[in-house]
Amino acid sequence: MGLGKEVITVDKLDIGLWTLAARGHIVPSRSLLKTPRQIAAIKKSAALNTAVLDHVAAHIHEGMSTAEIDRLVYDFTTEHGGIPAPLNYEGFPKSVCTSLNNVVCHGIPSEHEFLTEGDILNVDVSTILDGYYSDASRMFTIGDISPEAARLVRVTQECVDLGLKAAKPWGHLGDIAHAINTHARKHGYSVVEDIGGHGIGLEFHEEPFVSYVTPKGSEMVLVPGMMFTIEPMVNEGSPDFFVDEDDDWTVYTIDDGLSAQVEYMVLVTESGVEVLSR
Ligand code: MF3
Ligand code: CO
């Protein structure tokens, strides 16, 4: 043994983070703060992810199966040098999550599930490009939908946009949650509590877990270089859910009510919060 040649460098950011931590704030570890080089690579992955969603948007139609959406995602992603992140992820069997009507999230595309007039569908696309991860989702509506369904989809989109607006460098994750939960509740809806967003970039799911029901000023400080998702699940009725016993993935609302979700992948910068994929 001996005194090693290990060099420990401490910079201004470390001191800032320690100071915040000493005051009781939750701060990210330095490993969660992406370097400029990583940010450039992750942005390429995110651009492909958005292009996949645009491709789905251009081809989705009444009468198609959700398995056809899966093929659109697989083919487009791989033709552009990417890998669909869900495929074989912890045993997930398909390339995309398709969550219809009363499905909260993690719906598995099926040859037997067809889009019909009145449906609302979340398509959640996640991409690996050159080893870097991206993730975003959109709602799609099929033909004429009920006023109730339309209102849920609209308010869920508004929730995410308000959450984004509330996100500020050196603010807190709870500021986003507060904006989302307040808007959802104002419309009589509930936000799912036990499933949330996540850090992303170097891995599919990184720290922190992102809740959308926590109070303003709580949870992790938003430090420039952090990347995470804003992806609340908004339910018409109860926020409670159950997981399909047969496939172990599909999450349904407990009361059979409708559920909607929109997901943005964001980067905290010195001056604001940038959407990388939506
Ligand atoms: N895109 C989902 C998320 O936001 C991924 C779920 S894991 C999967 O985290 F295997 F179902 F894709
Ligand atoms: Co996600």
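Every number in this text was worked out from the coordinates using simple rules, so none of it is lab data. The model shown is predicted, which means the values in this text are computed figures rather than measured ones. Reconstructed Cβ throughout: ideal geometry from the backbone, glycine too, with neighbour counts over all protein chains shown.
Of everything in the range 132-152 that is of a type in the set (D, E, K, R) and farther than 16 Å from V73 by Cα, the residue that is farthest from ligand 1 (Cβ to nearest atom) is D144. Here E193 fulfils each of the conditions (1) closer than 24 Å to E148 by Cα; (2) touching a helix residue (DSSP H, G or I) at 6+ places or on another chain (Cβ under 9 Å) apart from (2). Can you confirm whether the range 154-170 contains a residue that is farther than 26 Å from R23 by Cβ and of a type in the set (S, T, N, Q)? Checking the range 154-170: at least one residue is farther than 26 Å from R23 by Cβ and of a type in the set (S, T, N, Q). Under the condition of being more than 17 Å from V262 (Cα to Cα), of a type in the set (A, V, I, L, M, F, W, C) and assigned to a loop (DSSP other than H, G, I, E, B), the residues counted in the range 200-225 number 4.
Set side by side, the residues D124, D130, D119 differ, and just one is under 15 Å from the mean Cα position of the chain (by Cα) and of a type in the set (D, E, K, R), which is D124.
Looking at V73, V125 in this structure, which one is within 19 Å of G199 (Cα to Cα), hydrophobic (A, V, I, L, M, F, W, C) and either in contact with a strand residue (DSSP E or B) (Cβ under 9 Å, 6 or more places away or on another chain) or touching a residue at least 40 places away in the same chain (Cβ under 8 Å) (or both)? Even if it seems obvious, please write down each step before you answer.
Numbers: V73 fails: within 19 Å of G199 (Cα to Cα).
V125 is the lone residue from the list that is within 19 Å of G199 (Cα to Cα), hydrophobic (A, V, I, L, M, F, W, C) and either in contact with a strand residue (DSSP E or B) (Cβ under 9 Å, 6 or more places away or on another chain) or touching a residue at least 40 places away in the same chain (Cβ under 8 Å) (or both).
Do you know which of the residues in the range 54-91 that are within 20 Å of E111 (Cα to Cα) and among the acidic types (D, E) is farthest from ligand 1 (Cβ to nearest atom)? For the range 54-91, the residue satisfying everything is E62. Within the range 173-218, the set of residues being of a type in the set (G, A, S), touching a strand residue (DSSP E or B) at 6+ places or on another chain (Cβ under 9 Å) and under 21 Å from V103 (Cα atoms) comprises A184, S190, G196, G197, S211. For beta carbons closer than 7 Å, sequence separation of 6+ or different chains, a first residue in the range 225-242 that is under 12 Å from H198 (Cβ atoms) and within 16 Å of ligand 1 (Cβ to nearest atom) and a second that is not in a strand (DSSP E or B) and not hydrophobic (A, V, I, L, M, F, W, C), the qualifying pairs are M227/K34; M227/G201; I230/G163.
Take the conditions within 21 Å of the chain's Cα centre (by Cα) and small (G, A, S) and apply them to G63. Does it pass? Answer is no for this residue.
Each residue in the range 255-272 was checked for being touching a residue at least 60 places away in the same chain (Cβ under 8 Å), out of contact with any helix residue (DSSP H, G or I) (no Cβ under 8 Å at 6 or more places or on another chain) and of a type in the set (D, E, K, R), and 2 pass. Note on the range 249-269: residues that are under 14 Å from V103 (Cβ atoms) and within 11 Å of ligand 1 (Cβ to nearest atom) total 4.
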